[in-house]
Every structure is written in C-alpha cells, then in structure tokens.
1. Hey, can you tell me all the residues within region 322-352 that are under 17 Å from residue 159 (Cβ atoms), without any contact (Cβ under 8 Å) to a residue 60 or more places away in the chain and within 51 Å of the chain's Cα centre (by Cα)?
2. Within region 88-109, take every residue that is among the polar types (S, T, N, Q) and closer than 16 Å to residue 70 by Cβ and give me the one that is surrounded by the most Cβ atoms within 10 Å (Cβ to Cβ).
3. Are any residues in region 263-275 surrounded by 16 or more Cβ atoms within 10 Å (Cβ to Cβ) and under 18 Å from residue 195 (Cα atoms), and if so, which ones?
4. Given the conditions (1) surrounded by 12 or more Cβ atoms within 10 Å (Cβ to Cβ); (2) not in a helix (DSSP H, G or I), and given that residue 465 satisfies all but one, which numbered condition is not satisfied?
5. Among the listed residues 158, 166, 185, 152, identify the single one that is assigned by TED's automatic domain parsing to the domain that holds residue 317, over 25 Å from residue 328 (Cα atoms), in a helix (DSSP H, G or I) and modelled with pLDDT under 75.
6. Which is at pLDDT 75 or above, farther than 30 Å from residue 98 by Cα and surrounded by 11 or more Cβ atoms within 10 Å (Cβ to Cβ), of 419, 433, 449, 476?
7. May I ask you to say which residue of 280, 305 is modelled with pLDDT of 75 or more and over 30 Å from residue 204 (Cβ atoms)?
8. Give the number of residues within region 48-63 that are surrounded by 13 or more Cβ atoms within 10 Å (Cβ to Cβ), in a strand (DSSP E or B) and not aliphatic (A, V, I, L, M).
Amino acid sequence: TKDDARQQFLRILRTLPYGNSVFFSVRKIDDPIGLLPGRIILGINKRGVHFFRPVPKVYLHSAELRDIMQFGSSNTAVFFKMRVAGVLHIFQFETKQGEEICVALQTHINDVMLRRYSKARSVASGSINGDLPVNSKPPSVDIYEKRVQELSKDLEESQKNANELSEDFREKQKQVVKMQEELESLKDLLRSEKQNLADVTRERDKFRSLCNEKDSELQAALMEKQSMEARLAKLNGPGFETKDKKELIEANNQVLNKIQEELKVRSAELHAAEETTKRLMNEKLLLEEKILRLEKKKSDEVEILVKNLEQERKVLRLRVAELEKKLEDVTQDLGATETTLAIKDSELSTLQSNLKELEELREMKEDIDRKNEQTAAILKMQGTQLAELEALYKEEQILRKRYFNTIEDMKGKIRVFCRLRPLSEKEIVEKERNVLTSLDEFTVEHLWRDDKTKQHIYDRVFDGNATQDDIFEDTRYLVQSAVDGYNVCI
C-alpha cells in the first residue's frame, strides 16, 4: 500500500548517513583545503555534520561527531574545528542560524555522552563491590625494595667514580694532545728558522760573490791606478802641460774614492750578514734543545699517566666484581618475591583501573551536567527569541500583504504584456527582418504610412531574447495577489 511504501522509504532514508537530519543553508567563508563549494546546505543528525551542494542537491562530505573537536557561533557566522583525513582544519560559514546549528549539534553530542555514561555506569556497578585497600604491600617486599635501592645507589656511585676517572683520563689525553700540538708548532718554528737560515746563507754567499767581484774590480782599479801613475810619471817628463796632468790626477782620484766607498759599503753588508748567520745558528741550537726537553717531558708524563690508569682500572675492576656479586645475590633474593609481587600488581592494576573508570565517570557526569545547564540556558534564550521573532514575523507578514496588494492595486488589476517573437530559421534564411522593434521595456514601434513610425505602450515589453524565467519574474507578484484573494487579469 501507499503507507507501507512510505514507511519503507523512510526506513531507507534513516539508514543513510544523513538520515533524519536538520538542514541549514549557509555560505562558505573559510575553507583551508578547498573541500566545499561557495554555497552549501548543512545537515545535522546523531551521526554528525553532513555537507550538500544546494542546486541540484548533491551529497558531498560527512564529519562524524567524534571528528568535531570544537564549534561555535556568532550573530552572522558559525565555525567548526574538525578532523578531515586525520588532520584538524577550521571551517567558517556565514549564516544567521548559528545558534540553532550549535544547539542541534550540542543536543546530539549530549545524547551520545549520556548513552556512553549509562553504559559505563552499568559496567562499573557490576564490577565494584565495596572499598578495597589499594596501597597494601607485604613487609618483605619493602625490605627487598630497600635493599635493591641501596645496591642501586652503590652501583650509581661506582658508575659515577668510573665516569670521573674517565673524565680525568680524557683531560690527560687533552693535555697530551696539547703538548703534541706545541711540539708540532715548535717543529714548524724550527723549520721556518732553518728556512730563514738558508735564506740568510744564500744572501751571505751572494754578498761574498759581490765582494769578490768588487775585489776584482778593485784589483783592476789598482792596476789601472798603477798604469795611470806610470802615465803620470811619463807626463811629469818634459813636453807635457801641467793642466792636462792635473785633470788626469783628479779623475783618477775620483774613481779611486768611489771604489773605496763602495768597498766600505759591501764590507759592512758582509759583516751584518755574518752577524745574522751567527744569531740564527744560536737560535737553532736553542730550539733543538727545547724540543728535546719537551719530548723527554712528554714521554715521562705519558708513562706516569699509563701507570695511574692501570692502577685505577684494577681498582675499578675489583669494585665492579664486588658489586656484581652483590647484585647477583639480590637478584636471587628478588626472584623469590617476584611471584608475590606479580599477583599483587595484578590486583593493584585491577583496582586502579576500576578507580580510574570511576574518576572518568565522575568527570563525564560533571561535564554532562555542565553542558546540560549550558544547553538549557541556550534553549531558554532561544525560546524567548523565537517567541519574539514569531510575533514580529506575524506583524511583518500582515504589513507585507497589505503593502504588497496596495502596490498591485496601484498598478492596476488588468495587465497587458507584449512579447516579440524572434525570427525563425526559415525567415533568417530568406533574409527577412524584424518589423517590430522594442524601444524600451514599455514601448513597441513599427513603420506606418509614409515611412512614419507608430508606437504602442504596454505594461511590459519582452524582446526576442527574453526567457520564460524573465516573464515569470514580472508576473509572479500577481500570482501572489491571486493567492491572497485579489482579482487579477493577465
């Protein structure tokens, strides 16, 4: 029958994720992942929030109640902080029904929490019978625990001592490395001094070669001087003028003075080079002695460090062996009490889980009571606002009908509309043209006698591009007047 089919259809709808939903039209403001279109319809039921495309109405996405972490509303918007594909995002929508959306969602959340609370309370009432001691332990367990703590403390102290010795060893190693670096730097300095000595030696040899050259030049100059003296002796003989003789003597003296001065300069340079060579040789000897002393000091310190480390390692080995023996004894003692502790731990874990469930149930009850109070306050405020809005809506409805029908009366009960037919395909093929033209929304014009135009005025003129929707847009208000009981004619 029809009723059976209707009931079956309703049962099918209830099985859908969005069955029995309350729908609200909203506009998207913020969508961080681009999941939804600009205008959507929200559906809220006991399963969660569902999103639909409005025209045509197509199901898009659902968010379960457990995925909605937070929600809230203002006078013009509502937001949801919900999990999509395991990631939290905040969606914001523009609507004037934000409080109604939040109330509907909070109601379903309260229902789910109440059902969960009732189920947990029934389980807890069957599993807990009276108060049981939670922290009771046998005295033997306390003794063993103290013993274990003492041994652990000794082991920690031994470990601390070993760490300190290791730290000292690392410090000694750092000192050895530092001494090696100093030794390398001294070796580098020695190599650089050797290089300087080689450079000075080359300069000394160069100066010696220059001095030899100057000596040879001096010998040549002396020989030239002797020849000049011989010539001068000849010139002293009869037949030579005194003036030429004086000029030759002066030229010889100038050359001789110049050679003597240059010889003095070269001698001074040679003396300075020999002094520098002596100084560098002394520095080289001092550096070699210092390097030998450092190497000996390093070898002595390394030997002392090795001896100290060996002694400390022996002491630590003895200490560790003693602690391992004590730990083995304690382990054997603890093995005897592990069974008792396991039983007590299982009992304690059971009692603690029961106590934790009780605490969770108390917190859940307090949360539900608080949310019920908030929901009651919201519902009370919504009821007051709804009554006020209904009264205002009735008044506005009466005024709207009165003013609407007054306007329609002013326009006239009989309306004359003109719609121009566009050219058909055949007329377009035959290259015919439009006879009537629309000057504006109210006037139609065509040619008359003697190429003059004639105009006709209507309540509304629709050209060849107008659609059925455009025509209904102008006539729908008359339909509303007819529904309100007024006589109209189109």
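The values are calculated or read from the model by the stated rules, or taken from the named source; none is laboratory data. What you see is a predicted model, and the numbers here were worked out from it, not measured in a lab. Positions of Cβ are backbone-derived with ideal geometry, glycine not excepted, and every protein chain shown enters the neighbour counts.
1. Residue satisfying the conditions is 324 alone.
2. To start, the set of residues in region 88-109 that are among the polar types (S, T, N, Q) comprises 92, 95, 97, 106-107.
Pick out the ones that are also closer than 16 Å to residue 70 by Cβ and you get 92, 106.
Values: 92: 15, 106: 17.
Checked region 88-109; the qualifying residue surrounded by the most Cβ atoms within 10 Å (Cβ to Cβ) is 106.
3. If the condition is that a residue be surrounded by 16 or more Cβ atoms within 10 Å (Cβ to Cβ) and under 18 Å from residue 195 (Cα atoms), then 273 is the only one that fits.
4. Single failed check for residue 465: (1).
5. Working: 158 fails: over 25 Å from residue 328 (Cα atoms); 185 fails: modelled with pLDDT under 75; 152 fails: over 25 Å from residue 328 (Cα atoms).
Answer to the selection: 166.
6. Values: 433 fails: surrounded by 11 or more Cβ atoms within 10 Å (Cβ to Cβ); 449 fails: surrounded by 11 or more Cβ atoms within 10 Å (Cβ to Cβ); 476 fails: surrounded by 11 or more Cβ atoms within 10 Å (Cβ to Cβ).
That would be 419, the only listed residue that is at pLDDT 75 or above, farther than 30 Å from residue 98 by Cα and surrounded by 11 or more Cβ atoms within 10 Å (Cβ to Cβ).
7. Step by step, each of 280, 305 is checked, and only 305 is modelled with pLDDT of 75 or more and over 30 Å from residue 204 (Cβ atoms).
8. Of the residues in that region, 7 qualify.
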